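What follows is a single structure, written as structure tokens, with notes after it.
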Amino acid sequence: QPPPAPSSGFGFAPPPAPAVPAPTRAAAPFAAPPSAPAFVARKPFVFFDGSDADATEMARYLEEANPGVAKFVDLNDANAVDGIRSAGREQWAASAAAAGATSLCSDLGKLFLALPDGSVLTNANNERWLLGYELEYWKSVTPMPPAERERMQQTIFGPLEMMRMQGPSPDGQPWWTSPNAVQVWGNALGSECFAVLDDFLPPQAMPALFAASERLKSSMATGRTDSQVSTKGRGDAMVWAKPGDVPELGPLIEYLNAVVSCALEVPSPAIAAHLNGVSALSDAQVAIFPGEVNPDSRYIRHVDNEDGLNGRLLTCTFYLNEGWDAARDGGELRVFDADQTTIKADISPMSNRLVVFFSDSTVPHEVRRSRRERRAITIWYLDQEKHLSYHGEELIQ
């Protein structure tokens, strides 16, 4: 689904001074990926009704095609309840012990997939593409080596957290505009292709932005992708908001312009290559993942500008989720290396946090499943000519 025609003619101005100092918050700027042993030890479980010929045939095919990736449990087997327990599904095990393991099929399907993150792909025999995606994901995805995680913590996240806790500059400018902070997060954007800025806006701007997202809720529609096969891997509702129609977006856009302006001052060939073509910014995509009611509130791994043709150059995502606890609520933005398999960071979508990253194939990413409502505003900086060329006919329609 193409975004509306982009806004244009913006200027890069430094943000105004916050009316009150930004509060300090002793929170890690990102949630570290799981350790290698714990990650590798977790496997999906494929449960199937062995009395159903189609389900059995698919299970056998998957087991042969993905050796060692998942554990397969025939619900007709005498040890099926033990298999269910080994997947950590005690409630299912209790139901299976009382009514027979195949009783689970009435709600979950003749073949279903239990994933290590606690989610379930029901009726998986009818979702073959997504079933294959999940098994390939858990087969190939690996955490970043501990030494690399430590390097990023010591050189990027740790220094930024210390500067953030010092609050605004003496002249009232946001902490992230100081030369030292720009050097750190700018180098992170140039070398790692993403950066995280906490306490991004003045705190008094947050209630108005949240209220605006609430006001737009009734206009939201199911999020779509350019690919027909992967649409079922996206579980948000979203709407495109024009800044002129939503004045509460003004401070966010002004601050984002300052981020781009600061980034362009960083002597980084990667930043120059990605951002020198910026000529416009998109309207705001306001999105809500209804994790409290939809168990598939996620967005599977993707790239915002995979073929380099749609004009998106820089993705800027800002979060509106007070009291977010990633261990309890999930919903992390998982950033991968360009190989699409190595996890670089799991970033909690906590309130007043901005994540910026290059929109091309250097930054594959996903939204992990949310277990409560998750709100975000995303704006893309664009090469307007490419963007209009890519979406031209659809925008006219």
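The values are calculated or read from the model by the stated rules, or taken from the named source; none is laboratory data. The structure displayed is predicted, hence computed values, not measured ones. Cβ placement follows ideal geometry from the backbone for every residue including glycine, while neighbour counts extend to all protein chains displayed. Remember, those area values only see protein heavy atoms, side chains included, never the ligands or the DNA or RNA. Shrake-Rupley method; radii C 1.70, N 1.55, O 1.52, S 1.80 Å.
Residues in the range 105-138 that are open to solvent by less than 60 Å² (accessible area, probe 1.4 Å), of a type in the set (Gly, Ala, Ser) and either closer than 22 Å to Arg89 by Cβ or within 18 Å of the chain's Cα centre (by Cα) (or both): Gly109, Ala114, Gly118, Ser119, Ala124.
Spot the failing condition for Ser213; the list is (1) more than 25 Å from Ala338 (Cβ to Cβ); (2) open to solvent by 10 Å² or more (accessible area, probe 1.4 Å); (3) in contact (Cβ under 8 Å) with a residue 24 or more places away in the chain; (4) not in a loop (DSSP other than H, G, I, E, B), and only one is missed. (2) is the only condition that Ser213 fails. All conditions in (1) closer than 19 Å to Thr317 by Cα; (2) touching a Leu at 6+ places or on another chain (Cβ under 7 Å); (3) not in a strand (DSSP E or B); (4) not polar (S, T, N, Q) hold for Lys232, with the sole exception of (1).
Quick one: which of Thr315, Thr378, Thr362 is modelled with pLDDT of 95 or more, among the β-branched types (Val, Ile, Thr) and farther than 26 Å from Pro202 by Cα?
Thr362
When each of Asn310, Asn352 is tested for being in contact with a helix residue (DSSP H, G or I) (Cβ under 9 Å, 6 or more places away or on another chain), within 18 Å of Met238 (Cβ to Cβ) and assigned to a loop (DSSP other than H, G, I, E, B), the lone residue that passes is Asn310. Looking across the range 358-375 at every residue that is under 13 Å from Pro290 (Cβ atoms) and not in a loop (DSSP other than H, G, I, E, B), the one that is most open to solvent (accessible area, probe 1.4 Å) is identified as Glu373. Based on this model, can you work out whether Ala208 counts as modelled with pLDDT of 95 or more and more than 21 Å from the chain's Cα centre (by Cα)? It is true that Ala208 is modelled with pLDDT of 95 or more and more than 21 Å from the chain's Cα centre (by Cα). In the condition set (1) in contact with a Pro (Cβ under 7 Å, 6 or more places away or on another chain); (2) not in a strand (DSSP E or B), Ile343 is compliant with all but (2). Annotation note: of Asp337, Asp346, the sole residue that is acidic (Asp, Glu), over 20 Å from Phe200 (Cβ atoms) and touching a residue at least 40 places away in the same chain (Cβ under 8 Å) is Asp337.
Here Arg328, Arg374 are screened, and the one residue that is more than 11 Å from the chain's Cα centre (by Cα) and among the basic types (Lys, Arg) is Arg328. Any idea which residue in the range 72-126 is nearest to Ala326 (Cα to Cα), counting only those that are assigned to a loop (DSSP other than H, G, I, E, B) and of a type in the set (D, E, K, R)? Among those residues, the one meeting the criterion is Asp117. From the list Ala263, Ala284, Ala272, the one residue that fits, being surrounded by fewer than 18 Cβ atoms within 10 Å (Cβ to Cβ), at pLDDT 95 or above and closer than 20 Å to Phe357 by Cα, is Ala272. Do we find that Ala78 is among the aliphatic types (A, V, I, L, M) and open to solvent by 30 Å² or more (accessible area, probe 1.4 Å) in this structure? So Ala78 passes the test. Scan the range 139-165 for residues that are open to solvent by 80 Å² or more (accessible area, probe 1.4 Å) and either touching an Asp or Glu at 6+ places or on another chain (Cβ under 8 Å) or in contact (Cβ under 8 Å) with a residue 24 or more places away in the chain (or both) and the total you get is 3.
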